[in-house]
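The values are calculated or read from the model by the stated rules, or taken from the named source; none is laboratory data. Everything numeric here is computed off the predicted structure, so don't read it as measured data. For neighbour counting, all protein chains shown are included, and Cβ atoms are generated from backbone atoms with ideal geometry for every residue, glycine included. When the accessible area is computed, the model is the full protein with side chains, heavy atoms only, and any ligands, DNA or RNA have been set aside. Shrake-Rupley method; radii C 1.70, N 1.55, O 1.52, S 1.80 Å.
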Amino acid sequence: MVGLEGYLILAAALFCIGLFGAFAKKNVISVLMSVELMLNAAIINLVAFNRFLAPAKVTGHIFAIFIFVVAAAGIAVGLAIVINIYRSRATTNVEDFNILKW
Amino acid sequence: MISPYVFWPIAVLIVVFAIGVVHFKNIVHSALMLILTFVGVAVVFILLEAEFLAFVQILVYAGAISILIVFAVMLTRRIDMNESNPFNKLRWISLIFCLGFFGLIVRIVLTSRISYEKLAVQDTMGAIADGLFGNYMIPFEVAAILLLIAIAGAIILTKGVKD
């Protein structure tokens, strides 16, 4: 039986890979994909803590469902913004997104 | 219990797929690796006896969000697909930072003593339904409103408003 530590380390590895992708990639869609990896790591943490510490109450599961909702809303609006910027700028490089900079 | 013989190969596969997401130069390959990562996380949910979340993970992440990402890749396509996903100049600094952060988290996890006993799990799906229509009713409705606003905002952002 794998203990809580195994799941926490898996979630930490997934989170750090997502963090690295969000820092080091040029394409904005790739940055959004890395953000999704980090949200998945957070959900693994919630479900693992719920399973090992208080399996009778499903608070972690319900919070995980809310994270699903927020992630879906975030990716929909984020990709809409990306497509909108691509129409006016014809680029998906985050270093070219300097519209708000002056 | 068969769980360690399933968990550790799945964990290694998830980490390999996630590294593939950030490593591949072609963004379509990254999207494929992202779908495989989501399916692996669904298997982890089944190992944690959260079957409903595994279903939702497959439906929402591996189904809907992956389709959204692939469509966004197709709508923002450049000429050369093989160089569509490069690293920027922060690559090595952020690699060192993320490895240090990972080491810190692993050290904290391994040195902290979290005491728990093996507890039995019963009927998570019914308990989730009770929670969503009982204690967590108002956040549930707010989440519905948030989804509606996100859909309307995405349509307006991509299509534009004619006035």
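A few comments on the model shown:
- Set of lysines near B:Lys89 by C-alpha distance (under 22 Å), chain-local residues within fewer than 8 positions excluded: A:Lys25, A:Lys26, A:Lys101, B:Lys25
- Distance (nanometres) between label positions extended 7 Å along Cα→Cβ at B:Phe101 and B:Ala152: 3.5 nm
- Shielded residues, segment B:96-134 - accessible-area loss of 50 Å² or more between chain alone and all protein chains, probe 1.4 Å: B:Cys98, B:Phe102, B:Val109, B:Ile114, B:Tyr116, B:Leu119, B:Ile128
- Apolar share of the accessible surface for chain B: 74 percent from carbon plus sulfur atoms, 1.4 Å probe.
- On association of chains B and A, roughly 7000 Å² of accessible area becomes buried (total for both chains; probe 1.4 Å).
- Projected label points at A:Asn84 and B:Ile145, each 7 Å from Cα along the beta carbon direction, are separated by 2.2 nanometres.
- Loop-resident trypsin sites (Lys or Arg not before Pro) (DSSP state other than H, G, I, E or B) in segment B:105-163 with no more than 10 further Cβ atoms inside 10 Å of their Cβ: B:Arg113, B:Lys118, B:Lys162.
- Most mobile of B:Ala31, B:Ala64, B:Ala152 in a GNM of chain B (Cα contacts under 10 Å): B:Ala152
- Measure of compaction for the protein assembly as shown (Cα Rg per 2.2 N^0.38 Å): 1.06
- Sites excluded, trypsin sites (Lys or Arg not before Pro) in DSSP loops with at most 16 other C-beta within 10 Å, longest stretch of chain A: A:1-56
- For chain B, leaving out every one of the chymotrypsin sites (Phe, Trp or Tyr not before Pro) that falls in a DSSP loop and has at most 16 other Cβ atoms within 10 Å, the longest unbroken run is B:1-115.
- Charge tally around B:Ala127: other residues with Cβ under 14 Å, Lys/Arg +1 each, Asp/Glu -1 each, net -2.
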